[in-house]
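Below is one structure, written out as C-alpha cells, with a few remarks after it.
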C-alpha cells in the first residue's frame, strides 16, 4: 500500500506542464475548528508541538474521520514515516517498527472543497482510488497545487492547516532519511507523534502595527 501511495504522490508532485500564468488565489480561510495538537519527539528529544486547525465546515467527512482516530488514540506512538524536503511530511499509519496499524474503512474524497494544498495545509494521503484515504495524512512544505482537485485528477483533500508549530514541521523536513525495507524517505531516527489530542482554539495573532506610525 505504501509503495502505491508513494508513487501516486510523487507522480502528483511532478512539475506540471507549462501553462498560461494563473491568477493569484484568494487567501486561505481561517479554520473553523476544532483544533488538534501533535506532540512530536525524536528519540528522547522533544521536537515541539504542531497545532492543526480543522475545516469542519468545508471537509466534514474528513474531519470527523480524523477526529475519530485522534479520540481513539490511533495516532499516539505513530511516526512521520515519509519525509521529502521541499514537498511534504507524511504520517499517521505506522509504528516506529514500520508496522502498519489497522484502520477504519476508507472515506469519500472531499478535495472538491476548494481548499488548496498550499504550504502548511494538511491533507489526506491515499492510493490511486480517490476514495481510499483512511488514517494517513501529510503536511505540505510548499505550495503543491498540482495536488488540488481538477489539476491532475481527483486531488488530495485538504482538511486542516498548521496554525502553530510550522517550525517543527520544517525541523522534521530537514532530518536525514534512509530506506527501511520497501519504505523510502524514512527518518533515520524515528519521529514519533507521542500524543495527539484536541486543544482549545489558539488566541488570535496580535494585529500588526501601522506601516508608518506617527510619533
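Each value in this text was obtained by applying a stated rule to the coordinates, not by laboratory testing. Predicted model, so just to flag it, every value in this text is computed and none were measured. No Cβ is skipped: glycine too gets one built from the backbone with ideal geometry, and neighbour counts run over all protein chains shown.
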Subject >> Cα gyration tensor, region 20-143 - rounded (a/c under 1.5), prolate or oblate >> reply: prolate
Original post:
Assuming R0 = 25 Å, what is the FRET efficiency of residue 197 and residue 143, from their Cβ-Cβ distance, to the nearest 0.05?
Top reply: 0.30
Original post:
Between residue 167 and residue 32, what is the spin-label point distance in nm, taking each point 7 Å from the Cα along the Cα→C-beta axis?
Top reply: 3.2 nm
Subject >> Prolate/oblate/rounded call for region 139-210, Cα gyration tensor, a/c under 1.5 rounded >> reply: oblate
**OP:** Under 1.5 on a/c is rounded, so check that first for region 77-181, then, if it is not, pick prolate when a/b is larger than b/c and oblate when it is not; a ≥ b ≥ c are the square roots of the alpha carbon gyration tensor eigenvalues.
**Re:** oblate
Original post:
By how many nm would the segment from residue 76 to residue 183 lengthen if fully extended, with 0.36 nm per residue of separation less the alpha-carbon distance?
Top reply: 36.5 nm
